[in-house]
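Here, each number is a calculation from the coordinates, and none is a lab measurement. Please read all numbers here as calculations on a predicted model, not as lab measurements. All Cβ positions, even for glycine, are placed from backbone atoms using ideal geometry, and neighbour counts span all protein chains on display.
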C-alpha cells in the first residue's frame, strides 16, 4: 500500500467543523489543548473535544492506495485508521456492525466514507471521514468558517421538521442519559406514541388504535431515512430498522449533526415529561 503520486482529497467532519486536505495526508484527532507539538509534513490535527478523559492523540486516519501484489497496479484508494492513544480504544462504523480497535491497533476500511469514534462518558465523540480519488485541492488545509470557502467541506444538513425531531428524540433519548437511566436500545414505538401524547397508555393494547397513532411518526422517520440515503449514500444498512446496526448508524448521523445537544434534550424533557417516567 502506498500514498505516493495520488490525487484527490481527504475530508473530515467533526460536528459543524470540517477539514479538507489534499492527499496524501494524515489527520490526527484527539483532545483540544493549547500548545500543539510540531507535526510532520502532511499531517494535521483536528480537535474533537476538550474532555480530559480523551487522549490528546486519540486516533489517526490516512489515505492509502491499494496495489495488486503481482503487478503493482492500483486497485483504488482506502482509509487506514490507527489507534494513537495508549488508553482509549476507538470504534469504526464501516457499513456494518462497529469494529472495535484497541490501542495501538490499525484497521483498513472497506468503504470510502466511515465514522470513527466511541463513547466518552456516555456520549458519542468522533468524526465522519471521506476519501476521494480525484479533484485535487489546494495543499493548505483549512477549517470550515475560515477563509477560502471553496476549499472547505460544508456539513450536509438534514431538513428535520419539529415533529420529526420530537419523534427521533423520543425514540433515542435514553441512549444519551447517564446511568442508571442509560439504555442503548431504541424506545419502543408504543412508548414513543405515549410520550408524544399521540395515544393514551390504556389504548396501546388496541392494535388498530396504535397503528393509527404511529402512522405519522413512522412516516416522519422514513422521510429522515430517505434524506440520509441521499446525503450519505450507503451509510444506512439495507436491513430492517429492527436490527441494531440500523439504529447505530442513524444515531451516528444525527450525532454528527449535533442533534443530541444537551440543551435540546432538556427542552424535550420539559415538553414531554412522560419521557422521564
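Summary table
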item: Under the Debye formula (equal points on every Cα, no solvent term), log10 I(q)/I(0) of the range 162-276 at q = 0.21, 0.22 Å⁻¹; result: -1.29, -1.38
item: Mean Cβ count within 10 Å, highest first, over the residues of peptides 48-61, 257-270, 211-224; result: 48-61, 211-224, 257-270
item: Neighbour-count ranking [beta-carbon atoms within 10 angstrom, fewest first] of 247, 173; result: 247, 173
item: Shape call, the range 159-208: gyration tensor on alpha carbons, a/c limit 1.5; result: oblate
